[in-house]
There are 4 protein chains.
Amino acid sequence: MHFASDNGSGVPPEVIAALGRANDGFAAGYGADPLSLAVRDRLRALFEAPQAAVHLVATGTAANALALACYCPPWAAVFCHRVAHIEEDECGAPEFYTGGAKLVLVEGSDARMAPDALEARIKATGGAGVHNVQRGMVSLTNTTEAGTVYTPAEVAALSQVAHRHGLPVHMDGARFANALVATGATPADITWRAGVDVLSFGGTKNGLLGVEAVILFDPAKAWEFELRRKRGGHLFSKHRYLAAQMDAYLEGDLWLRLAGQANAMAERLTAGLTARADTRLVHPPQANMVFAAFPRAVHRRLQAAGAKYYLWPFDQTLEGPDDAPVSCRLVCSWSTTAAEVDAFLAHMDG
Amino acid sequence: MHFASDNGSGVPPEVIAALGRANDGFAAGYGADPLSLAVRDRLRALFEAPQAAVHLVATGTAANALALACYCPPWAAVFCHRVAHIEEDECGAPEFYTGGAKLVLVEGSDARMAPDALEARIKATGGAGVHNVQRGMVSLTNTTEAGTVYTPAEVAALSQVAHRHGLPVHMDGARFANALVATGATPADITWRAGVDVLSFGGTKNGLLGVEAVILFDPAKAWEFELRRKRGGHLFSKHRYLAAQMDAYLEGDLWLRLAGQANAMAERLTAGLTARADTRLVHPPQANMVFAAFPRAVHRRLQAAGAKYYLWPFDQTLEGPDDAPVSCRLVCSWSTTAAEVDAFLAHMDG
Amino acid sequence: MHFASDNGSGVPPEVIAALGRANDGFAAGYGADPLSLAVRDRLRALFEAPQAAVHLVATGTAANALALACYCPPWAAVFCHRVAHIEEDECGAPEFYTGGAKLVLVEGSDARMAPDALEARIKATGGAGVHNVQRGMVSLTNTTEAGTVYTPAEVAALSQVAHRHGLPVHMDGARFANALVATGATPADITWRAGVDVLSFGGTKNGLLGVEAVILFDPAKAWEFELRRKRGGHLFSKHRYLAAQMDAYLEGDLWLRLAGQANAMAERLTAGLTARADTRLVHPPQANMVFAAFPRAVHRRLQAAGAKYYLWPFDQTLEGPDDAPVSCRLVCSWSTTAAEVDAFLAHMDG
Amino acid sequence: MHFASDNGSGVPPEVIAALGRANDGFAAGYGADPLSLAVRDRLRALFEAPQAAVHLVATGTAANALALACYCPPWAAVFCHRVAHIEEDECGAPEFYTGGAKLVLVEGSDARMAPDALEARIKATGGAGVHNVQRGMVSLTNTTEAGTVYTPAEVAALSQVAHRHGLPVHMDGARFANALVATGATPADITWRAGVDVLSFGGTKNGLLGVEAVILFDPAKAWEFELRRKRGGHLFSKHRYLAAQMDAYLEGDLWLRLAGQANAMAERLTAGLTARADTRLVHPPQANMVFAAFPRAVHRRLQAAGAKYYLWPFDQTLEGPDDAPVSCRLVCSWSTTAAEVDAFLAHMDG
């Protein structure tokens, strides 16, 4: 019953096998090997973006911070949701990589920025000339931190606000596959066709050891990205092992099947939770994460049964009356099974 | 006949197997899993340093830059050899991670700093108070970029200069295993017992997919290191896969056997080269790299036969008279075979 | 009728005269001249802080950013009010000087942080270990951006919150003199005795050409401050001309007389405004700034008469119905006269 | 007998008077006042560069670091002479403002870069693609740190090397006036007509309290400069007082008369020194600085007589045999008198 995080899961056997295959003989370093080039082309084809610059890194924080740094000078304002990963979970990596840009926080329910709220924050920023930080970029997260998703139309609505002010758009897609499965959109429709300029295309949370692709749909910044990646210590000498993971991920749509399983398990979990009178959903579950509130007594039973998940927010306590609710985050991954979900639901009743 | 770089080699089967074993089930993220903790303890034991802080990262550039940043404020001078990897091959990563420290270059034959030259550079730096950058740290590389090594006594001589001026000492050990095999020293003797304060303990060049350990013998900076690692995007969520590689590396002294093979092949290559009247060694080969100069005609034959290696320095050309010498770098790895070396030597004669 | 900003005013003749006196003959550079040392001692005495480190710079932005940088590592959170100068008016200088710290915004009416709100923001920051920026420092502004002041007791209440969490306290005192006159406190009572660790002691807005003093009540960071100042390009070679200004400023309590005049004029202006049925105060005026809302028709008359002031916020327009109110900021300086105030009030009626 | 530095001198009465005149009434802040605009136009006319962007700052370190930052990304190599002020005397300000660029040191006698040496350093930098810092900019100093000057032709020779590699050229003109007087060139001939892209036009060492102008002959970077200046804390609110100084400096060619006096006094000093059998010039004096070596006994007599100057290099000692030479730097300023020079020469004989 592991619902703590999708990064607690392992990787499917296809990925380990791919590492073994890639291990044969010598290979040019730093991404010049044939497999790395093939993976680049594969991602270009998947996104219907033959000119895109595609670069692999090993962590989502690196992908996001490098992507932002290529578009944001140090005096930029980056508009993002208050609970965005780049704001809350990267120990200031965006500030580090940009040389001190400022994250300007936008409100919106269920971790989604509302276009009006974005418009208002942009307008309120940078009006006093040289005295202010300057409007820089918009960053949105899909799947969001609350387990909701933006449809292509919703992405486009935010991009239009951004572009109207001349700002490029970044999408943090650490859980991009889950959003794609949830919306049924094509990769192109939910990104560049909806106005996204640069994407962090996640692999780690959805079944890889540690690989993310940064896709710059306009390759103008490609060389700058490479310099920033190297300077950040994120250029792998034995780059083929990153490429091999990503290759296996895309082969036969493995990535979509993995995300499909995670989303399906979240749906199964949601069905079980909504059937309970004592449980409330905190956000509408749309991908692989479920945020729910249930009585502390239920929480205690689950803990006793060994269920793993985080209280959300973190600072709730086990102490308190039996019937007072606690909120928690339940994350399904590609490796979550129906049996695991059912066991969790069963343990809620003790 | 691959002598371009030790990072062009793959990894031994034990490492792939270890990834497969580590893949079983769920694991806590970010280094809190049992395997990551066990590897930390294993490195502490190996270095006879039970208090040391041990952190894994995926690249040598990250290891070096993070290690320097923990000891050097932005106004520090880092004393290193003119051809050090941190000066020549990291696109300014040390400057990035330290917030703008200055690398002050020390001379010395065969890529080794001489204690007197180090002393002179330290004394010449920072004498004008607030107007200058301040003396910060000494960084030495073992195995050096020229394929030479420092013995424990030679390390200690440099450390004594550094410590006399109150400066901590970093060792870039991207090829630490090769230096250890070459000198026969223990890990402790050639590091903290010789005055080294922080070590980049390399794995990637010697048979891993991408793992280096940063070992801070005094753990006072451990938390700062963790924050800098996270902020740099170098904290792996699925940390167990870094740990699994390092665990396999250390198991049964695999790492020393790998380095032993590389060094032995370099010795075999050296023997063959020194037997030739038309060939000269550029640096004394002491580990797994051989720098040699031979006639351009020989170079052309080797190229025609498919031998892979770099001209060193890079800017030499194929054009020129047959008998004019070219200089090249020949790197042996754990996977270099005697047959490969012998074929190389045979092709020199056409 | 100049109410645009206190930095639009000139300097009193005493200050120009002091520059002339300081100009005699040679002087040691970089703050080692006798006048610079005397001014340092004078500020120590004024603040009853004989050990304090005192450094002069030429701008308020430099003073604030350098002060923060000495206490905040790049991964720090700086807690300040949403409208603080360091957040809104320095083009990211705090982020630049700290190497990318994050300003975390606290709410509170009239630009004053409430202790409870500060406590809540601190508690909500940094709870997830290495993933978050770390709690770093509290910065408060006195006189605030809304023309209100903190009393010594109010400063102490905020400092207690900060210190309970181990955080040092910075006071942005660009209008420190106005706050002092308004509260009647002593310099020591409203700073270090109330828990302030480092003060930006403003001179420019209150009658100098361009001098601020940064006072570190604990001198432990003095040398770091000096290095950061030099590295920031803020160490004046002909330092005596900064010192001469500050010396004239303190001589015979000139600085308090200047601030007293500014505050008195704001009071006179407030009296006239509150006597009007069509005018409303936006914030309670407590020092030298008055924020008022009056009908657009009044605004048009004032503009036509040549009155200088800013609409606040900036993005209001002249267009609109005659009776709809506009908000504006009216700043009095040491050189504002009663005649000027009275003329302004008279023009409101046309 | 003050020969320690030209920044130890005061300012001519015209400059103090100009401050008094500028002090009348209110003025728009941040450089929008009429005097600031007039000074901008005056410098454009002086340099025959009607499109140039002109910005004032208060220190030479700020001028240099901001100028470099506008042209150099963090991964740039800045080519400069080993003893350049930006390398030796700014505590790493260029690294700070550029976000970590690397200063690559060029050799050349008497602090002048030789075109061949510059060419060689450029060629040796950045040949390995993403692994290296990238060629960024060339910075030369005129008057140099050794008191020598570059003629327009010599500047052009270096610029041609730079431009052939696509690199812009910065001139550190902290002592620009002295170089101009020494060469008899026009401001345009020795700067943009000789290929200089951006100039730090010094005022402080030649008679101002603290003002330098940064002149970007191509205004494309003007807005970036303004943002960097503000973010660096170098935008003065009461900007008129910087402008007033610069205005007085240019009025009636005051600046050239001041530099002419300094150079003439250095010439007089040189004549006296070369007449002595026991004294040797270390560098050929071409502007306002004289580097000379004379017996320690002479040095002792001068010290006893109260002469002020620095040993150069710093780390020589007073101890030693009477006849062993010491090297020193003797700087003349606009306020140095013939009587002072003659007294110095007289005291050499006791």
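Copy-to-copy spacing for residue C:223, label 7 Å out on the Cα-to-C-beta vector, in nm, shortest first?
2.4, 4.4, 4.4
Mind giving me the FRET efficiency for residue D:304 and residue B:107? R0 is 45 Å, r the Cβ-Cβ distance, nearest 0.05 is fine.
Working: r = 40 Å, r/R0 = 0.90.
Efficiency for this residue pair is about 0.65.
Once you order the gyration tensor axes a ≥ b ≥ c over the Cα atoms, which shape class does chain B get: rounded for a/c under 1.5, otherwise prolate or oblate by comparing a/b with b/c?
On the way: a/c = 1.96, a/b = 1.23, b/c = 1.60.
Cα axes put chain B in the oblate bin.
I need the inter-copy label distances for residue B:257: point set 7 Å along Cα to C-beta, values in nm with one decimal, smallest first.
Once sorted, the set of distances for residue B:257 reads 3.6, 8.7, 8.9 nm.
Report, in debye and to the nearest 20, how large the dipole of chain D comes out about its Cα centre when Lys and Arg carry +1 and Asp and Glu carry -1 on their Cβ. Write down the numbers at each step before the final one.
Details: 30 positive and 36 negative charges, 110 e Å.
With only Lys, Arg, Asp and Glu charged at Cβ, the dipole is about 540 debye.
Just which residue of chain C brings its Cβ nearest the axis of rotation onto chain B, and by how many angstrom, rounded whole?
So the chain C residue sitting closest to the axis is C:99, 2.
When a/c reaches 1.5 or more, the comparison of a/b and b/c decides; with that in mind, is region B:1-69 rounded, prolate or oblate per its Cα gyration tensor?
Numbers: a/c = 1.81, a/b = 1.16, b/c = 1.56.
Taking the square roots of the gyration eigenvalues as a ≥ b ≥ c, region B:1-69 is oblate.
If I build a Gaussian network model for chain A, linking alpha-carbon pairs within less than 10 angstrom, which residue out of A:320, A:25, A:92 has the largest mean-square fluctuation?
Of A:320, A:25, A:92, the most mobile in the Gaussian network model is A:25.
What does the convex hull of the Cα atoms come to per residue for region D:255-348, in Å³? Provide the component values of the computation, followed by the final result.
Numbers: hull volume 8.2 nm³, N = 94.
In region D:255-348, the Cα hull volume divided by residue count equals 87 Å³.
State, to one decimal in nm, how far the label point of residue B:24 lies from the label point of residue A:349, with both points 7 Å from Cα in the Cβ direction.
Label-label distance for residue B:24 and residue A:349, simple model: 3.4 nm.
What's the average, rounded to a whole number, of partner chain beta-carbon atoms within 10 Å of each residue's beta-carbon in D:4-17? It would help to have the intermediate numbers written out before the result.
Values: counts 3, 5, 2, 9, 9, 6, 11, 6, 1, 2, 0, 2, 8, 2.
Counting other chains' Cβ atoms within 10 Å and averaging over D:4-17 gives 5.
So who's got an amide H within less than 5 Å of the one on residue A:141, skipping anything under 5 residues away but keeping other chains? H placed 1.01 Å off N, in plane.
Result for residue A:141 returns A:172.
Sorted by mean Cβ packing within 10 Å, highest first, what order do the peptides C:113-124, D:291-302 take? Mind showing how you got there, number by number?
Details: C:113-124: 17.8, D:291-302: 19.7.
With the highest mean Cβ count within 10 Å placed first, the list reads D:291-302, C:113-124.
For residue B:315 and residue A:37, FRET efficiency with R0 = 25 Å and r from the beta-carbon atoms, rounded to 0.05? Let's see the in-between values first.
Details: r = 26 Å, r/R0 = 1.05.
For residue A:37 and residue B:315, the calculated efficiency is 0.45.
Considering the dipole of chain A built from charges on the beta carbon (Lys and Arg +1, Asp and Glu -1) around the Cα centre, which of A:138, A:250, A:220 is farthest to its positive end?
Working it through, the farthest residue towards the positive pole turns out to be A:220.
Around residue B:55, with a cut-off of 9 angstrom between Cβ atoms, what is the net charge of the other residues, counting Lys and Arg +1 and Asp and Glu -1? Spell out each step's value before the answer.
Numbers: positive: B:40, B:229; negative: B:226.
The answer is +1.
Mind scanning C:205/D:308; A:238/B:238; B:123/D:205; C:102/C:308; A:102/B:230 and naming the pairs with a C-alpha gap bigger than 27 Å?
Details: C:205/D:308 38 Å; A:238/B:238 19 Å; B:123/D:205 29 Å; C:102/C:308 35 Å; A:102/B:230 19 Å.
Checking Cα-Cα distances, C:205/D:308; B:123/D:205; C:102/C:308 exceed 27 Å.
Take every residue in peptide C:19-32, count the Cβ atoms of other chains within 10 Å of its Cβ, and give the average of those counts.
Working: counts 8, 7, 1, 4, 8, 1, 5, 13, 5, 5, 6, 5, 1, 0.
Taking the mean over all residues of the peptide, I get 5.
Within chain B, which complete DSSP H helices have Cα atoms spanning at least 27 Å along the helix axis and a mean Kyte-Doolittle hydropathy of -1.0 or higher?
Values: long enough: B:254-274 (30 Å, 0.35).
Long hydrophobic helices here: B:254-274.
Which whole-Hz ³J(HN,Hα) couplings does region B:82-90 yield from phi under the Karplus relation 6.51 cos²θ - 1.76 cosθ + 1.60, θ = phi - 60°, glycine and proline marked x?
Coupling constants for region B:82-90: 3, 9, 4, 4, 5, 8, 9, 10, 10 Hz.
Picking from C:324, C:298, C:310, whose Cα lies most toward the positive end of the charge dipole for region C:255-348 (charges on Cβ: Lys, Arg +1; Asp, Glu -1)?
Towards the positive end, the residue furthest out is C:310.
For the protein assembly as shown, compute Rh as the Kirkwood radius over C-alpha pairs and then the Stokes-Einstein diffusion coefficient at 25 °C and 0.890 mPa s; write the answer in µm²/s, rounded to an integer. Provide the component values of the computation, followed by the final result.
Details: Rh = 34.0 Å.
So the translational diffusion coefficient is about 72 µm²/s.
Evaluate the distance, in nm, between pseudo-label points positioned 7 Å from the Cα of residue D:160 and of residue C:14 along their respective Cα→Cβ axes.
6.2
Sort shortest first the distances from residue A:13 to its counterpart in every other copy, using label points 7 Å along the Cα-to-beta-carbon line, and give them in nm.
Shortest to longest, the spacings are 1.8, 9.6, 9.7 nm.
For residue A:116 and residue C:277, FRET efficiency with R0 = 25 Å and r from the beta-carbon atoms, rounded to 0.05?
Details: r = 36 Å, r/R0 = 1.44.
Efficiency, rounded to the nearest 0.05: 0.10.
Averaged over D:79-92, how many beta carbons belonging to a partner chain fall within 10 Å of each residue's beta carbon? Kindly include the intermediate steps, with their values, before the conclusion.
Values: counts 0, 0, 0, 0, 0, 0, 1, 0, 3, 5, 4, 7, 20, 17.
Mean shielding by partner chains, rounded to a whole number: 4.
Each value in this text was obtained by applying a stated rule to the coordinates, not by laboratory testing. In this text, all values refer to a predicted model and were calculated from it rather than measured experimentally. Cβ atoms come from the backbone with ideal geometry, glycine included; neighbour counts cover every protein chain shown.
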